[in-house]
Amino acid sequence: MSRAVGRWATCALLLMGVVTACSPQPDGPRGTSPKPARAAFDPPAKFDAEAGVPMPKAATAGLLNSRGKDLGLLRNPVELYKDKAYVATQESLLAVDTTKGAVTTITPQATPVTNPQDSDGFFMFTHPVVITEGASPLALASFVVKQPAVGTHAERIFVEFTAVDAAGARVEWRLPQDIPDWAKGAPYPLTARVAASSGRVALLTIGGFKPAGRTTYAIDLVDHRVLWTRDLLEAKQIVKGTVVGITKDAIDSQNEAAAGYNLNTGEQLWRGEDSEYPSVGMGGPQFVGVSGRSKAGGRFDRLVDPQTGVIKKELPDMGSANCEFDGISTLVCFRNWQGLSVWAFDTSNGELRWALPNKTANRIAPRVTAVWHGRIYGSTDNGPLALDARTGEDLPTSPGIAPYAVNQYVGLALKGTDAMAYPAIE
């Protein structure tokens, strides 16, 4: 499943529980017996709501707060690959068989560095996993780890970039990476996040809270080496061979802006206007979404050419909405708080196709949970529903659940405070 990154808010989220794995082997099983082919529907119209398979608590990260309350903001912590669901924590990567619920736990070789505030089992952030495209797809995750002090050698903090065979749930290779100079001796735990991948290049961002720094590493997935490194850059998207993210003037600087970089060389191609709380999100195959508040105080939402930074379309003020590309031709933006709203834009030109609520048509907006392959999944007080992403019309078949992660085989949805995997049946 391709997760179109919406707007990952800058505020901390308290989520995720402790997971007990089913597999005793950290790198996963090497041999598996063949399974019968599972029915595939692209996109699914319906899921079997009576055949849910329990998922680890980590699969709810970003969806619920520590008291089990729905946060309303869509922060999908899971990547799907066929009938497997991948979810990362600070300590491990979990590969879950969504047909049976069996979990393979993949751990870093060194000791994970965890946030001491997580003593109750809740993490401040979700830990993204990226599934690469290609003939041999990989699940990519990263861990902040340490080697203890020995003799005259001081303790070493570094990052393990881990590439896992997505089909077999086994480690293919690891790439230890030194942390940047600004992060050495930082009083707060660091974060390591795989932001995106395209072709043979993946982006890893190491960040800190105090000092407030970010460094992005471009990693060659074929040669297993670092292509380039950029301090003061938090990578977000790869579009048209260009890395787009948030950059700043200096560590702890308040001057932040969206900027674009060559994927293969790291050369800066453009920098947008300095703004407050800038955000970079998905804009489809041609554009990136850039939002923020200008120094003059006005809020903006834009579609920008990733290679030049030229503004292609000014969008309506959507109030920090999440935006996801449906994988075909529509960018769906939605707000699940402060009044439900949904907007759909043509990804070829940024034109608005439709919006909800629509008082004239006596239609309300749903609470959107997922967007995938021309379909919008969500719910109203009337239950789960699906919309045609291009037209906004209600589809005749209720999906039975409101999945927050979906592919042609399975949908993951909340049942109370638990995550469940439901097979697609139509």
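Throughout, read-outs are computed from the coordinates displayed, never taken from laboratory work. If you're wondering where the values come from, they're calculated on a predicted model, not measured in any experiment. Every residue, glycine among them, receives a Cβ derived from its backbone with ideal geometry; neighbour counts consider all protein chains shown.
Table for the structure above
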| read-out | value |
| --- | --- |
| 5 Å-binned pair-distance histogram of the stretch 312-426 (Cα, whole percent) | 2, 12, 22, 25, 20, 11, 6, 2, 0 |
| Separation of alpha-carbon centers, the stretch 188-211 and the stretch 340-401, rounded to whole Å | 32 Å |
| Positive-end residue of LEU412, SER294, PRO316, charge dipole of the chain with Cβ unit charges | LEU412 |
| Mean Cβ neighbour count within 10 Å, used as a protection proxy, ranking 39-45, 243-249 highest first | 243-249, 39-45 |
| For the stretch 148-254, diffusion coefficient by Stokes-Einstein and Kirkwood Rh (Cα), 37 °C, 0.692 mPa s, µm²/s | 219 µm²/s |
| Listed pairs LYS46/LYS359; LYS240/LYS312; LYS57/LYS236 exceeding 18 Å between Cα atoms | LYS46/LYS359; LYS57/LYS236 |
| Surface/4 estimate of mean projected area, convex hull on alpha-carbon atoms of the stretch 207-307, nm² | 6.5 nm² |
| Ordering of 89-100, 346-357, 280-291 by burial proxy (mean other Cβ atoms within 10 Å per residue, highest first) | 280-291, 89-100, 346-357 |
| ALA355 versus THR265: modelled label distance in nm, points set 7 Å from Cα along the beta carbon direction | 4.1 nm |
| Inter-centroid distance (Cα atoms) of the stretch 37-87 relative to the stretch 251-276, Å | 34 Å |
| Cα pair distances in the stretch 333-397, grouped into 10 Å bins until the bin that holds the longest one, percent each | 21, 60, 19, 1 |
| Sites GLN109 and TRP337, calculated FRET efficiency, Cβ-Cβ separation with R0 41 Å, nearest 0.05 | 0.50 |
| Modelled FRET efficiency - R0 30 Å, HIS153 with ILE251, Cβ distances, 0.05 increments | 0.65 |
| The stretch 294-353 - convex hull of alpha carbons, volume per residue in Å³ | 97 Å³ |
| Protection proxy ranking, peptides 195-205, 332-342, average beta carbon neighbours within 10 Å, highest first | 195-205, 332-342 |
